[in-house]
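Notes follow the structure.
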Amino acid sequence: MRARWRGRRVHALRGGGRAPGVADALGRALVCVLDGEAADAEGRLQAVVARDSTQVLAYLALGRLFRRRGDVGRAIRVHQNLLLRSDLEPAERDLALRGLVDDLRQGGFLQRAADACDELLSRCPRDRGALRARIELYRAAGAPERALPLLARLQREEGAADDARRAEAALWLEAAQAAQREGRAADARRAVRKALRRAPALAAAWTLLGELEAERGRSRRALAAWRKAASCAPLAGPALYARLRSAFAAVGRAGEYPALLRERLAENPGDGDARLELASVLSERGEASAAEAELRELVRREPGRADAALALGRLLAEGRRFEEACGVFAAVQGAGAARAGAAGAAP
């Protein structure tokens, strides 16, 4: 008897059998969603389930509509109530469980989402969406290394080798960062080297390796790692340049640092951080004219860059060129006021 009833319900879901208006109502709800009329879609779906509570597809659609508009609690209740029913087909139960995982993730209930995702994977071990969700949940929990076996399964399903290696490298890097935070330096070094074997041009991994080597007093290795990081990143950023400066000094090769910065600028003249760093180094070495030239070039290239203009103003003031310095500082202040006014006037 139950098998016949289930068969009739599934037939009705497809628009036939004893619910001839259901397929039309579901179709009209879909059109409303595509037109951006979520409230109308919700009303049509509510009417469907009020008329026929066996319409599981309508409940599933309602749950997704609730989640989309941010009503996560209501979406969770819809999917949980579906999972309590004993009359669901296996495919319908999987859809309800998948919806619940997404609800819980969006609501920030990460442990409950992980438990639901584990249940879904036990039922559908090759489900790509569930694999991706569980990987992200492991990452959110600070346990990226536990996601690696799932990533391998996802790779087998998708077969994109290059993307897979980059994704695996990112997980190993996260594992290394977690180990560093916890004071497990040896584990961090092992993990970051695994990341680099999978993605040799991963600048963040080279940067971390340099930090780990510096922590144990291996300045030459730290310098080599940070130089590699800079070569992998078109725009290295001020933090990496600060590390490079300290590393060159630590190994007694501070005089070579400006040459590295000039090489960077020859390769990429638009690297403003490298130009600002070069100006700072030149100024410290007493080469005020060369530093001024670099700063004026940077201000010309990036007129709105306040740190460059302020550095130029300070350099001019140090050279007792106070009138010029005041002009630079006034320009910076005026630009800041203009930006604040524009932000305040924005709708």
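The values are calculated or read from the model by the stated rules, or taken from the named source; none is laboratory data. Because the structure is a prediction, the values reported are computed rather than measured. Here the Cβ is made from the backbone with ideal geometry for all residues, glycine too, and neighbour counts use every protein chain on show.
When Gly255 is tested against (1) touching a helix residue (DSSP H, G or I) at 6+ places or on another chain (Cβ under 7 Å); (2) at pLDDT below 95, only condition (1) is not met.
Every residue, every condition in (1) assigned by TED's automatic domain parsing to the domain that holds Ala96; (2) acidic (Asp, Glu); (3) at pLDDT 90 or above, yes or no:
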{"position": "Ala113", "(1), (2), (3)": "yes, no, yes"}
{"position": "Arg153", "(1), (2), (3)": "no, no, no"}
{"position": "Glu157", "(1), (2), (3)": "no, yes, no"}
{"position": "Ala161", "(1), (2), (3)": "no, no, no"}
{"position": "Ala164", "(1), (2), (3)": "no, no, no"}
{"position": "Val192", "(1), (2), (3)": "no, no, yes"}
{"position": "Leu202", "(1), (2), (3)": "no, no, yes"}
{"position": "Glu213", "(1), (2), (3)": "no, yes, yes"}
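Note on region 1-88: enclosed helices (runs of 4 or more DSSP H) holding 3 or more residues that are modelled with pLDDT of 90 or more are 56-68, 72-84. Counting only residues that are farther than 24 Å from Ala175 by Cα, among the small types (Gly, Ala, Ser) and touching a residue at least 12 places away in the same chain (Cβ under 8 Å), region 83-115 holds 3 of them.
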